[in-house]
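Peer 1: Right, I'll just put the structure down here and ask away after.
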Amino acid sequence: MKFDELDSKMRVFETAHDYCVLPGIYIVARLDGRSFTRLTKETHQFEAPYDEKFRDMMLTTTEYLMHCGIDIIYGYTQSDEISLLFSRNENSFGRKLRKLNSVLAGEASAKFSLLLGDIGAFDCRISQLPSMEEVVNYFRWRHEDAHRNSLNSHCYWSLRRDGNNATQATKRLQKMSVADKNELLFQYGINFNQLPNWQKRGVGLYWEEYEKLGYNPVNGEVVPTTRRRILHDFNLPMKDEYSQFITKIINSSL
């Protein structure tokens, strides 16, 4: 069998089950660290429940993904996860799910591993969202998940530092209300409302335009030029204001 015939025959097995995101559908990718609890609490022992060095690694990884050749208009990271909102008309890899998942997971794993100096792997899954409303709902979901996780994590590690083992701390928190958890933190001298917003809300990354002075070699003049850069927002708004914030980002990209 000639190579061209063999190539055509065998590629069918790779591509027969390819699925593509339909045009006009919004794409959001969510990446999660694989076994990051063990990696960050046992292998490398980052500060619990939140560590600024780990946070900055996640921010650097998110920004790297926003520069990796896919038109991403908003990145969001909390804990060990990253969410990426594609431009509505982004067409990289023909919008093939298999390629998007594998490329983003590979890029994130490679970048984070270089930053950590050890192997840190991510998985990736794609959400196909039919409307702007569902995009807003997605990011509200992750935003509120960050808030819930932050409260639980601070309670859990306060109990652990107080001598409770993992099972005891988990069991004690199982039936506690939000008010009870806030009261628990008060007993350890922690006012949850006064904790840094990035711990409670995550961090948003988005493009902004700015002016800088450039040199025009034709006439030798210094002229203002417009450039783009990624802003790290450590103080994201909450609830309906966050919905309006996401809506504004989407509209500005259309």
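The values are calculated or read from the model by the stated rules, or taken from the named source; none is laboratory data. Keep in mind it's a predicted model, so treat the numbers as computed, not measured. FYI the Cβ positions are ideal-geometry reconstructions off the backbone, even for glycines, and counts take in every protein chain you see. For accessibility, only protein heavy atoms count, side chains too; no ligands or nucleic acids. Shrake-Rupley method; radii C 1.70, N 1.55, O 1.52, S 1.80 Å.
Peer 1: I'd like to check one number: the per residue accessible area of the range 45-175, probe 1.4 Å, reported in Å² as a whole number. Don't skip to the answer; put the middle values down first.
Peer 2: Working: 6270 Å² over 131 residues.
Roughly 48 Å² per residue, with all protein chains present.
Peer 1: Taking R0 as 35 Å, what's the FRET efficiency between Y210 and H44 from their Cβ-Cβ distance, rounded to 0.05?
Peer 2: Working: r = 35 Å, r/R0 = 1.01.
Taking R0 as 35 Å, the efficiency between Y210 and H44 is 0.50.
Peer 1: Distances over 27 Å make up what percent of all Cα-Cα pairs in the range 1-152?
Peer 2: So the portion of pairs separated by more than 27 Å is 31 percent.
Peer 1: Counting only helical runs of four or more DSSP H residues, what would the 222 nm mean residue ellipticity of the chain come to if each run contributes -39,500 (n - 2.57) and the total is spread over all its residues?
Peer 2: The helix contribution divided over the chain gives -14500 deg cm²/dmol.
Peer 1: Report the FRET efficiency, 1/(1 + (r/R0)^6), for L231 and N191, where r is their Cβ-Cβ distance and R0 is 22 Å, rounded to 0.05.
Peer 2: 0.20
Peer 1: Sticking with this one: What is the ratio of the Cα radius of gyration of the range 71-197 to 2.2 N^0.38 Å, where N is its residue count, to two decimals? Working shown, then result.
Peer 2: On the way: Rg = 18.8 Å, N = 127, 2.2 N^0.38 = 13.9 Å.
Relative to the 2.2 N^0.38 Å estimate, the range 71-197 comes out at 1.36.
Peer 1: Follow-up. What helices does the chain have that are whole DSSP H segments, at least 15 Å long along their own axis by Cα, and with mean Kyte-Doolittle hydropathy of 0.0 or more?
Peer 2: Working: long enough: 3-15 (18 Å, -0.65); 52-65 (20 Å, -0.58); 97-116 (28 Å, 0.65); 132-161 (43 Å, -1.28); 239-253 (22 Å, -0.66).
Sorted by number, the helices that extend far enough and score high enough are 97-116.
Peer 1: Hey, what D do you get for the chain in µm²/s if you plug the Kirkwood alpha-carbon radius into Stokes-Einstein at 10 °C and 1.306 mPa s?
Peer 2: Value of D from the Cα-based Kirkwood radius: 76 µm²/s.
Peer 1: From Cα pairs below 8 angstrom and at least 6 apart in sequence, can you work out the relative contact order of the chain, rounded to a whole percent?
Peer 2: Relative contact order comes out at 21 percent.
Peer 1: Just to confirm a number: summing +1 for Lys and Arg and -1 for Asp and Glu over residues other than H232 whose beta-carbon lies under 11 angstrom from that of H232, what do you get?
Peer 2: Numbers: positive: R55, R229; negative: D56, E63, E208, D233.
Around H232, the surrounding residues sum to -2.
Peer 1: Can you send over the carbon and sulfur percentage of the accessible area for the chain, probe radius 1.4 Å, protein chains only?
Peer 2: On the chain, the fraction of accessible area on carbon and sulfur atoms equals 49 percent.
Peer 1: Ok, one more. How large is the convex hull of the C-alpha atoms of the range 142-246 per residue, in Å³?
Peer 2: Hull volume over Cα atoms, normalised by residue count, gives 153 Å³.
Peer 1: Which residue, N191, L85, A105, has the largest displacement toward the positive end of the dipole of the chain when charges sit on each Cβ (Lys, Arg +1; Asp, Glu -1)?
Peer 2: Final value for the positive-end residue is N191.
Peer 1: What are the principal axis extents of the Cα atoms in the range 1-54, in Å, biggest first?
Peer 2: Each principal axis gives a Cα extent; for the range 1-54 these are 58, 35, 16 Å.
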